[in-house]
Amino acid sequence: MPDSRPAVPAAITDGGVLAIARHLDPTTVPDVGDALVEGGIRAFELTLNEPESTALEALAAAARWADGSGIVIGAGTVLSIDAARRAIDAGATFLVAPHLDAQVVAWAARSGVPMLPGAATPTEVLAAWRTGAAAVKVFPASTLGPAFIRELHGPLPDVPLLPTGGVSIENVAGYIEAGAIAVGIGSWLFGGGSRSSIVERAREAVDAVASARAARAEAGA
């Protein structure tokens, strides 16, 4: 186990929703960010899997927009230590990956930067945790489902899990009730194509998380 482990940003765990944007034009970042905030989301991930220069511009724009606001900005699809460094230089305060690369996770932990690597098996989940992950991104959630989260809590009750990939309003409650600390939502959240749609869907997701947490607490889970 690592000597120290960066904590999951409270903005992710408190609201329970991590917004994930891909191929975001840097000029649209303030409008998108404002819509997320209006909808109650306080954690915003921008992925790097596009021409990296554009992605880093969008990430830097998001960091400038969020400065002093309490919104946390992270970089997704971080595949190497070099990419992690560039993302942090652009303003990312947490890192996310679709896979487990122990070297990148360990580097992030040593650097004091929370990282959420992807995992799809119990072996990967435990390896990510032992390497220093702040939490583990269960990916792709659409093929694993809430039952996978629930079953993992038996042998691995202390590992915080954040399902991502195919999460929508239809299954948010299932993942939270199964024990996820939060959910990552991308396509469904931004799929409406308008600011008002982002606000409405963000509110729906945040409300669904809150209701599911209340139901889980009432059930004594």
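Quick notes on this one:
- Enumeration of residues in segment 127-157 that are in contact (Cβ under 8 Å) with a residue 12 or more places away in the chain and among the charged types (D, E, K, R): ARG130, LYS137, ARG150
Here is a yes/no grid of residues against (1) without any contact (Cβ under 8 Å) to a residue 60 or more places away in the chain; (2) exposed (fewer than 15 other Cβ atoms within 10 Å of the Cβ); (3) under 24 Å from ASP34 (Cβ atoms):
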{"position": "ASN171", "(1), (2), (3)": "yes, no, no"}
{"position": "ALA182", "(1), (2), (3)": "no, no, yes"}
{"position": "SER187", "(1), (2), (3)": "yes, yes, yes"}
{"position": "ALA208", "(1), (2), (3)": "yes, no, yes"}
{"position": "GLY220", "(1), (2), (3)": "yes, yes, no"}
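- Count - residues of segment 177-201 that are under 14 Å from the mean Cα position of the chain (by Cα) and either hydrophobic (A, V, I, L, M, F, W, C) or within 14 Å of ASP14 (Cα to Cα) (or both): 7
- Just one of the listed residues (ILE12, ILE20, ILE41) is buried (at least 17 other Cβ atoms within 10 Å of the Cβ), in a loop (DSSP other than H, G, I, E, B) and touching a residue at least 60 places away in the same chain (Cβ under 8 Å), and it is ILE41.
- For segment 189-203, the set of residues classified as surrounded by fewer than 23 Cβ atoms within 10 Å (Cβ to Cβ), in contact with an Asp or Glu (Cβ under 8 Å, 6 or more places away or on another chain) and either in a strand (DSSP E or B) or not charged (D, E, K, R) (or both) consists of GLY192, VAL199, listed by residue number.
Listed here are the residues, each with its yes/no results for (1) closer than 27 Å to TYR175 by Cβ; (2) not in a strand (DSSP E or B).
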| site | (1), (2) |
| --- | --- |
| THR27 | no, yes |
| LEU36 | yes, yes |
| LEU46 | yes, no |
| THR54 | no, yes |
| VAL78 | yes, yes |
| ASP82 | no, yes |
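- Restricted to segment 143-154, and to residues there that are out of contact with any Pro (no Cβ under 7 Å at 6 or more places or on another chain), at pLDDT 95 or above and of a type outside the set (Asp, Glu), the residue that is farthest from SER4 (Cα to Cα) is THR143.
- The set of residues in segment 56-71 being small (Gly, Ala, Ser) and either part of a helix (DSSP H, G or I) or without any contact (Cβ under 8 Å) to a residue 40 or more places away in the chain (or both) consists of ALA58, ALA60, ALA61, ALA62, ALA63, ALA66, GLY68, SER69.
The values are calculated or read from the model by the stated rules, or taken from the named source; none is laboratory data. Keep in mind it's a predicted model, so treat the numbers as computed, not measured. Reconstructed Cβ throughout: ideal geometry from the backbone, glycine too, with neighbour counts over all protein chains shown.
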